[in-house]
Every structure is written in structure tokens, then in C-alpha cells.
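Taking it in order: structure first as C-alpha cells, then the write-up.
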Amino acid sequence: MNISERIKNIAGSKTLEINALAQSMKQKGIDVVNLTAGEPDFPTPQPIVEAAIEALKAGLTKYTDSSGIPQLREKIAQYVSEKHGVTCTPEQVVVTNGGKQAIFNCLAALVEENDEVIIIDPCWVSYEPMVQILAGKPVHVKTSFENGFKPSLEQIERAITPNTKVIVLNSPNNPTGTVYDAKLLKQIHALAVERNIFIVSDDVYDCLVYDGEYTSIYSISGGKNVALVNAFSKSHSMTGWRVGYLVAPAEIAKAAAKVQAHTTSNINTIAQYAALKAFEVDTTYMKEKFKQRRDLVCKLLEESGFSFVKPGGAFYVLIDVTEFEKDDVTFCTKLLQQAHVALVPGSAFNAPGFVRLSFATSEEALVEGIKRLKKFVGR
Ligand code: PLP
């Protein structure tokens, strides 16, 4: 049977090989320092776990409305309205299987064949495959190290064509940790409204901003031409629970809900009750810990003379390795084989020549990992 051309053309995961190698080395008893984590290393807070147990005991184990239980949609609408100063209603909320499904459902609601979707590089690994699955065309805007990985308005403007339908924004960004300022976001929003382009704002790391104020384009937009994506994954260390949400103008939310209703139905019922509890749980302690680690990692890398942009948010640092090795995949493979440190090659994020270090791990592992990295490059 022939596999669909669209699916055949989607690139495989470049991170998988490195991860598979790291796993097999660990199984052989090799002491690998793994700095590839894409999730907080904290346990899910106990009250959230208890709420799930209670839901199970209460027999809340059946289908729900495919867009989510009314209490959770209500709570999300209230939370988003207050946080962003933009009034939204439960009808605008779709509870999704993590932030990932919120992005996909929203794109599926909007993108037609050959519609162009602007993606800012370096970018999270799944935006491009999602657009390709939907037969849209990913259009990449390349940001530079020198500009702190921020796009300029002119760059975005140049990428726009009559076929541009959507711009995907991700601030704080994975893999750079870059946080966009309000001025830039205002300009991008004005441009999008003027050209009738829709913005999908992936805010899953908005809970982890370390310096100054954070502004989401959703707050600036008043809800116009913007869909907000968020999740409990990073904010409450709930990656495995798979709870995220989309907040979009009613018509788009309705269309995205249709996609979800006919593909996955509701997300796990028990996880929805757990997420409802999450609103009562303060996770500032996680953010404080991540900030300490960010500062530690930046200090260690700086002392060793590595080139990187200090991340303002999320839990990643992108390091330029071109002075040591042209190809980042080769760099990561050798680093793992010879120094037993696992990092993610930047190519996975359209950032060749860079490697991504995650500080979602213990200080001890970070200190040891950077010590080995330093020795490996001969510093
Ligand atoms: N967006 C970005 C930028 C991410 O890094 C991730 C996960 O790593 C997601 C979305 C997906 O989050 P979730 O696990 O909630 O689906």
C-alpha cells in the first residue's frame, strides 16, 4: 500500500536517534548526563494527583462533552479573561490533549491546501509537520543569534504573500528561551489585522519568564485575529496528563471543536478533573528553581566562553557549537559517545550549528554535564 505523499515527506525526528543512543548507553550502565528533557523534573503537585484519585473513586470515568467538562471550560475562560484582560466565554474554549492538540486543531480549522503558515525559526519541532499534514505550506522566517533570536517586523512582512493564512508565534520560545517584547507583538498584531492573517500564539511557557514583564499577543489583541494556546504541562508539571486548551474567536473554536470531536473526542476525563484542581495550586516554587538553574547554567557557560543568548524564559539554552564542529548532529553524537552528555542537535529546531541544553534537571547534573562539555571541547 502506498503511503500518502504528504506523510512520506514529513521528516523523521532528529532527536530520536540521540535519545535512543543515550538510552542504550544508560542500559549498559554508562553514566550519561541527560540534558535533553522537554518537561519539568518536578512531580505533579499532590493536590492535583488527589483530585484525580477522587474523580476515579467518584466514578467520573465516562465520556464528557468533546470540548471538555463545563466546569473546566468555565474556569479556563475566567482565568484567561482575568489574566489577559480580554473577555472570553466558555464557548471559546476547547480543552485539548496538551497544547499540541490545541495547535493542531486550530490549524486544521484554518489551513486549506497551499495556504501558507509563517513559522519563526528556531522553532518547536511540530509546527512544520502539522502544517504539512494539513497540506499547507510552511514558510520559515529565520531569526539570528545577533538579534537575540527575535524576528523583525520587516522579516515577517517580507514573508507574507497573498496565500499567507496564519503566523505561529511562540514566546517564550522553545528552543531559544527568547521572550518577545510588547512593542514587537503590537506591531505584528497590527500587521496581521491589516493583512487579514490569523495568529496562533503558543504560550505554553508563559509560566516561566524570569526577567521583567511578560506580554502575550493575546492580551494586546483584545482577542481579535489571535488564538491562544496553553497547557498545564509545563506550568504544573503535568506533561503526561495531557491537558491543554485553545481559546479562539467563537467561530474558530467551534471549527476546532469539530476537528477534535471527530478525531479524539474528549481528553481523558480524570485528567480534566485534575486540571480543574490545578487552578488552586501555586507553582511559583518551580519557576524560582528554574530561574536559579538558568542563572547557574548561564554563569557556567559564560565562564567557559561558550556563545549563547541568555534565555529570558522556558528552560532551554541554545549554544553555538560551530567553532568546534560544523554539523550539530555530529557534535551531539560525539559528545554523547565520548563525554556521555546528551544534548539535542539544533537542526531539530531549524537551528543548525547549535545545540539545545535543557535545565529541567538537577543542579548536580547541570554542573557535571557542563564540566564534561567544557572538557570535550578542550576549554
Ligand atoms: N509548544 C511548545 C513550544 C512545546 O515545547 C511543547 C512541548 O514541548 C508543546 C507546545 C506541547 O505541549 P503539550 O505537552 O502540552 O502538548
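The values are calculated or read from the model by the stated rules, or taken from the named source; none is laboratory data. Every value quoted in this text rests on a predicted model; they were computed, and no experiment measured them. Glycine also receives a Cβ, built like all others from the backbone with ideal geometry; neighbour counts cover every protein chain displayed. Accessible surface areas use protein heavy atoms only, side chains included; no ligands, DNA or RNA. Shrake-Rupley method; radii C 1.70, N 1.55, O 1.52, S 1.80 Å.
Hey, can you tell me all the residues within segment 83-104 that are of a type in the set (S, T, N, Q) and away from the ligand (no atom under 12 Å from the Cβ)? Across segment 83-104, the qualifying residues are THR87, THR89, GLN92.
The residue list ALA339, ALA253, ALA351 contains one member that is crowded, with 23+ Cβ neighbours inside 10 Å and closer than 28 Å to ILE18 by Cα, which is ALA351. Taken over segment 140-149, the criterion of being assigned to a loop (DSSP other than H, G, I, E, B) and touching a strand residue (DSSP E or B) at 6+ places or on another chain (Cβ under 9 Å) is satisfied by THR143, PHE145, PHE149.
For first residues located in segment 113-135 and open to solvent by 10 Å² or more (accessible area, probe 1.4 Å), partners that are acidic (Asp, Glu) and away from the ligand (no atom under 16 Å from the Cβ) and lie 6+ apart or on another chain with Cβ distances below 7 Å form the pairs ALA135/GLU113.
Please verify whether segment 307-320 includes one or more residues that are in contact with a Ser or Thr (Cβ under 6 Å, 6 or more places away or on another chain), closer than 30 Å to ALA109 by Cβ, open to solvent by less than 10 Å² (accessible area, probe 1.4 Å) and of a type in the set (Ser, Thr, Tyr). Among the residues of segment 307-320, at least one is in contact with a Ser or Thr (Cβ under 6 Å, 6 or more places away or on another chain), closer than 30 Å to ALA109 by Cβ, open to solvent by less than 10 Å² (accessible area, probe 1.4 Å) and of a type in the set (Ser, Thr, Tyr), which makes the answer yes. Number of residues in segment 129-158 that are basic (Lys, Arg) and closer than 11 Å to ILE119 by Cβ equals 2.
Scanning segment 1-36 for residues that are surrounded by 14 or more Cβ atoms within 10 Å (Cβ to Cβ), in contact with a helix residue (DSSP H, G or I) (Cβ under 9 Å, 6 or more places away or on another chain) and assigned to a helix (DSSP H, G or I) turns up LYS14, THR15, GLU17, ILE18, LEU21, ALA22, MET25. One residue alone among TYR210, TYR218 is open to solvent by 10 Å² or more (accessible area, probe 1.4 Å), away from the ligand (no atom under 14 Å from the Cβ) and of a type in the set (Phe, Trp, Tyr), and that residue is TYR210. Of the candidates GLU288, GLU325, the single residue that is surrounded by fewer than 17 Cβ atoms within 10 Å (Cβ to Cβ) and free of Cβ contacts under 8 Å to residues at least 60 places away in the same chain is GLU288. A Cβ distance below 9 Å, combined with a sequence gap of six or more or placement on separate chains, defines the contacts here; from segment 1-25, residues that are farther than 29 Å from LEU35 by Cα reach residues that are open to solvent by less than 100 Å² (accessible area, probe 1.4 Å) and in a loop (DSSP other than H, G, I, E, B) in the pairs ARG6/LEU134; ARG6/ALA135.
Every test in (1) crowded, with 24+ Cβ neighbours inside 10 Å; (2) within 14 Å of the ligand (Cβ to nearest atom) is passed by LEU72 save one, and that test is (2). Please determine whether any residue of segment 237-250 is out of contact with any strand residue (DSSP E or B) (no Cβ under 8 Å at 6 or more places or on another chain), over 24 Å from ASP65 (Cβ atoms) and among the charged types (D, E, K, R). No. When we screen THR176, THR164 for residues that are within 16 Å of the ligand (Cβ to nearest atom) and either at negative phi or surrounded by fewer than 20 Cβ atoms within 10 Å (Cβ to Cβ) (or both), the only hit is THR176.
Pairs meeting the criteria (first residue in segment 91-109 and under 18 Å from GLY38 (Cα atoms) and polar (S, T, N, Q), second residue more than 12 Å from the ligand (Cβ to nearest atom) and not in a helix (DSSP H, G or I), beta carbons under 9 Å, at least 6 apart or on different chains) are ASN97/THR264; ASN97/ASN268; GLN101/VAL94; GLN101/THR264.
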